[in-house]
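Comments concern the structure below.
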Amino acid sequence: MVVNGLDEYISTKCQQCVKNNPICGVPGVSYVLDGCSFTKHIIQQTSWVFGGQWKEIKQATENFVKSLLSEGCELIFVMPHWPDALTPTNLHNIRMGLDFVAANKRLPSIDFYHTPPGAYFFISQVVKECGVEVICSVSDFEFEVAAWAKVKKCTGIISNNNEFIALNGVGFYRLSSLDLLKHTIDSVERHVLMKNLGLKPHHLPVLSCIMGNSLVPPMLLQAFHKKLQAGMRTGKHNPVLDIMPRLCMYVRPQTTQHIMLARTALGDESQAAFLEAIVARYSLTDVSEAWQPSMNTAGGHNSQVAPIIISLNSLINAFNYVNELFITNDDTFISKKKKKKKK
C-alpha cells in the first residue's frame, strides 16, 4: 500500500522535488534495500508469467546487487515477513497470464503480475550469497525498513514504495530510476516537496494520514475527501490532486490536532489515539540506536526461523499448483482436466 495520490502529485505538481544523484558520490554511502520492491523489480525483468524461472531470477539478482556493490556503496537488504504463498488473486492472475500467452505467444503486461511462491526467501538467499547483510522483517515491514535505515545511519532507502517518503527522517531513493550505466538514482527531497505545499517536513506524517495510506485506507476517507471536493471541478485523475491545498489546511501544529482530524476525517473522535499512534509511527519517534523490532506480533517466529517457514509453506503451495498443470508441445501452460471415471 502506498500514500494515496502522492506519486501523482509529485509528477504533475512538484517535479522539482525529484533530484538526480550519483549512486555513490562520496565514501561511506549506504542504503537499505526494500526487499518487497526489489523482488518485484527483479522478477518483472524475467519470464515471470511462468513463475519458476529461478535460474533467470538468480542471475538477474546477482547482476543487480554486484553492480550496485561495485559502485562502492554498502547495502542492507530487508525482506518482508509475510508468506508469498499462492492466493486466490494470484491464482486468477496466473491463469489470466497463461491464457494471454497461449493466445498471443508473448508475455502479458504487469497487470497479471504475481510473486512466485518462495521468491522472497529465494532472492534473500541470493543477496546474502553476494555478501550483503539480510534482515527479515518481524511485523511492520515498512516501519522496520525505515527504522533499520535510521539505526544503521544509512544514506537512505531504495524502494518504489512512496510510503517511505512519509516515514520521516531517512532519505528516499526510487528503485525504478536507478541507472547502473549512468551510475545515477533519483531521490525525493522532502523539504522541497513540503515547501511546495506550504508545510514543514515534520507535517508529512499527518498529511499522509488524511491523504490515505496503508494504515488509514482511502476508503475510510471517502466521505471526507468528497466533502472537500464541494464546488470543485474534478477530472478522471486522482481526486487527491484537486483537494491537496484543502488537505494542507488541516495540517496545523496544535495540541488538539488528532482529535480534530479524527472527528473531521474519520468521522469518529474516539479514533484520535489511533491516529496519534500512526503519526508517531511515521515520525519514527520511538526509534533510537538501541531499537530492536518487536517480536510480539510475529506469531512467535524469530527473524531466523520465519524465512524457513515461509519457504516451506510456499514450496508446498507451489508443488500443489504445478501438479495441476502440464506443458504442451508449444510450451504453453494449460490447466489439466481430470478425466471422469466410467462406471
Open item on the list: Taking the criterion of being exposed (fewer than 14 other Cβ atoms within 10 Å of the Cβ) and among the small types (Gly, Ala, Ser), would at least one residue in the range 232-239 satisfy it?
Closed with: yes
- [ ] Return only the number of the condition from (1) at pLDDT below 85; (2) crowded, with 17+ Cβ neighbours inside 10 Å; (3) touching a Phe, Trp or Tyr at 6+ places or on another chain (Cβ under 8 Å) that Trp82 does not satisfy.
- [x] (2)
- [ ] Name every residue in the range 198-214 that is buried (at least 19 other Cβ atoms within 10 Å of the Cβ) and either touching a residue at least 60 places away in the same chain (Cβ under 8 Å) or over 23 Å from the mean Cα position of the chain (by Cα) (or both), in order of residue number.
- [x] Leu204, Pro205, Val206, Ser208, Cys209, Met211, Gly212, Asn213
Open item on the list: Out of Lys182, Lys153, Lys195, I need the residue that is more than 26 Å from Ala60 (Cα to Cα) and outside any helix (DSSP H, G or I). Which one?
Closed with: Lys153
Task: Residues being at pLDDT 80 or above, open to solvent by 40 Å² or more (accessible area, probe 1.4 Å), over 18 Å from Gln44 (Cβ atoms) and under 23 Å from the mean Cα position of the chain (by Cα) - total across the range 92-140 - done: 6
- [ ] Please go through the range 263-286 and pick out each residue that is more than 30 Å from Val151 (Cα to Cα) and surrounded by fewer than 18 Cβ atoms within 10 Å (Cβ to Cβ).
- [x] Arg263, Thr264, Gly267, Asp268, Glu269, Ser270
Task: Which numbered condition Met260 misses (of (1) open to solvent by less than 40 Å² (accessible area, probe 1.4 Å); (2) out of contact with any helix residue (DSSP H, G or I) (no Cβ under 8 Å at 6 or more places or on another chain); (3) at pLDDT 85 or above) - done: (3)
Task: Selection from the range 208-217 of residues that are part of a helix (DSSP H, G or I) and closer than 12 Å to Ile243 by Cβ - done: Ile210, Met211
- [ ] Identify all residues within the range 166-175 that are modelled with pLDDT under 95 and either over 17 Å from the mean Cα position of the chain (by Cα) or not aliphatic (A, V, I, L, M) (or both); write none if there are none.
- [x] Asn168, Gly169, Gly171
Open item on the list: Conditions first: (1) among the acidic types (Asp, Glu); (2) modelled with pLDDT of 95 or more; (3) crowded, with 21+ Cβ neighbours inside 10 Å. Asp186 passes all but one, so which condition is the exception?
Closed with: (3)
TODO: Look at the range 141-176 and say how many of its residues are within 19 Å of Gly72 (Cβ to Cβ) and open to solvent by 10 Å² or more (accessible area, probe 1.4 Å).
DONE: 6
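The values are calculated or read from the model by the stated rules, or taken from the named source; none is laboratory data. As the structure is a prediction and not an experimental result, all values here were calculated from the model. All Cβ positions, even for glycine, are placed from backbone atoms using ideal geometry, and neighbour counts span all protein chains on display. Heads up: the accessible areas ignore ligands, DNA and RNA and are worked out on the full protein's heavy atoms, side chains in. Shrake-Rupley method; radii C 1.70, N 1.55, O 1.52, S 1.80 Å.
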